[in-house]
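**Q** Here you go, one structure.
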Amino acid sequence: MAIVTANNRQQPVRVSLAILGLLLLAVLMWHFRPVRSAAPALQQAILLSAPLSLGAFRLQDQYGQRVQATDLQGRWHLLSYGYTYCPDVCPLTLAKLAYLQQQLAQYTEYPQLDLLFYSIDPGRDSTTELARYLQHFAADIRGLRPDPQAATLALPFEQALSLRFSIEDEQSGTADYAVAHGISLYLLNPEARLQAVFFPANRPGMAVPEFDVDILQADYLAIRRYLATQAD
């Protein structure tokens, strides 16, 4: 006859308690797991669920320096686009962005936001013209244009951002040809990827859609704070 000792009878109980303890620990860990913050409530911006690469582009700034994706890495950038002959939307937007940059300087938790302006009219917007034009808004706005030595390498940049514009009769020999373009702002993260897109207000009675600096600031800070929680 086999003899069952007290130790033998208690072993299954100990195993069961150990399993129960592990299950309880798993439940507690799941219940008190770190919870990701909900996406921010933005007023006039769309935050991309995953940053978008701008491709292998090559541009030129207002000083004639070559600009590639690696040159934009390491800092946050807010980009607008248009042309220096623009009579209303472009100068109004640039003036507001310069003011936004000043307002954001007080938020020391985030690095300075750099400004970019991309010209869709390189035929008239030479490097000299860009430099002259941008100095009226902020000394550190970086102007961008297609590099004349590699103009096709601007296409990936324009296509990735889905820049909307049209130029009529550019080859007519006159400097008065018409240019039409959309109105959006593009937030590039320190990896030089598109992180968010901002859209202007278009209220009844407004001559042209325009950005509200307070809303821009609120949306930008909400995005930065949200992304900071996701990185933790």
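**Q** Sequence-distant or interchain residues sharing an amide H contact under 5 Å with Tyr118, placed H: which?
**A** Under 5 Å from the amide H of Tyr118 lie the amide H atoms of Ser80, Tyr81, Gly82, Leu144, each far enough along the sequence or on another chain.
**Q** Further, regarding this structure: Using θ = phi - 60° and the Karplus relation 6.51 cos²θ - 1.76 cosθ + 1.60, list the HN-Hα couplings for region 212-219 in order, rounded to whole Hz, with x at every Gly or Pro.
**A** Ordered by residue, 3J(HN,Hα) equals 9, 4, 5, 5, 4, 5, 4, 5 Hz.
**Q** What are the ³J(HN,Hα) values, in whole Hz, obtained from phi via the Karplus relation 6.51 cos²θ - 1.76 cosθ + 1.60 with θ = phi - 60°, for each residue of region 150-165 in sequence order, with x given for Gly and Pro?
**A** 7, 4, 5, 7, 7, 4, x, 5, 5, 6, 5, 8, 6, 5, 10, 7
**Q** Here's something else I'd like to know. If you plug each phi of region 110-121 into the Karplus form 6.51 cos²θ - 1.76 cosθ + 1.60 with θ = phi - 60°, what whole-Hz ³J(HN,Hα) values come out, in order, with x for Gly and Pro?
**A** 10, x, 4, 8, 8, 10, 10, 10, 9, 8, 9, 10
Any read-out appearing in this document is the output of simple, stated calculations on the displayed coordinates, not a laboratory observation. Bear in mind the structure is a predicted one, so any value in this text is a computation, not a measurement.
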